[in-house]
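Below: one structure, written as structure tokens.
We did not get these values from a lab; they are worked out from the coordinates using the rules stated. All values derive from a computational prediction rather than experimental measurement. So basically every Cβ, Gly included, is an ideal-geometry build from the backbone, and we count neighbours across all protein chains shown.
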Amino acid sequence: MHNSLAVTTAVLDRVAPESGYAPCWRDSLPALTGERATLRELRTTDAATLLPVISAPEVCRFISAPPVTLDRFESFIAWSRAERQAGRYVGFAVIPAGRQAAAGLVQVRQLDPGFQTAEWGIALGSEFWGQGLFGDASRLLLDFAFGVIGARRLEARAAVPNVRAQVAMQKLGAVREGVLRQALVTADGQRFDQVLWSVLADDWRHHMEPAAPVRVH
């Protein structure tokens, strides 16, 4: 996850036609539903739920320092909405199937003014690790970034010791491009090298297995 707390017709064909959704993501974000997760825009009320989830030692071990108080988390959510309206950022809460409360968040931010290149990241509560939630939420986000926002290249960073994240990137078909030396500074001041991973829109469209149907409402 970055400290700012990073398809085309094939994807849009999987949107339920009865939804009537027009992709005006700067005005509002749709809810995206996969097999194991629903993504919806972050709400102020998510702060109380997500604060202990994201700040848990096992979760924030390999991410940039998250907001540490409820007020700061609420401010981050307000910032995320303002940045979405400006066309620079999108943040979703991750809601596991059968639940109402957020279990984590995914986000994507532009790296150039046209949002052609962007960075995305995900943070999930450890209770939901190993259940396929990471992969499902990531596919929904990448589908949205390529198919609706119109990004051409997505980058993700993963701390070298974070083996779980490296494996997850490989499963998504991301390409390892190199190592960024001491690029990550954690909340406790530790520095880690990060692996830079990328996914291109053409790769996602042509080489990834079709994701489960995405329902937008």
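What the table below lists for this structure:
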{"quantity": "Per-selection metrics, the stretch 31-70 (Cα): Rg and Dmax in Å", "calculated": "12.1, 32"}
{"quantity": "Estimated inter-spin distance, D193 and E35, nm [label 7 Å along Cα→Cβ]", "calculated": "3.5"}
{"quantity": "Where only C-alpha atoms are counted, convex hull volume of the stretch 29-186 per residue in Å³", "calculated": "114"}
{"quantity": "Hull volume in cubic angstrom per residue (convex hull over the Cα atoms of the stretch 121-198)", "calculated": "102"}
{"quantity": "Efficiency of FRET between R99 and S75 - r from beta-carbon atoms, R0 25 angstrom, step 0.05", "calculated": "0.45"}
{"quantity": "Residue order, fewest to most beta carbons within 10 Å, for C60, C24", "calculated": "C24, C60"}
{"quantity": "Förster radius 22 Å - calculated FRET efficiency between Q85 and T45 (Cβ-Cβ, nearest 0.05)", "calculated": "0.70"}
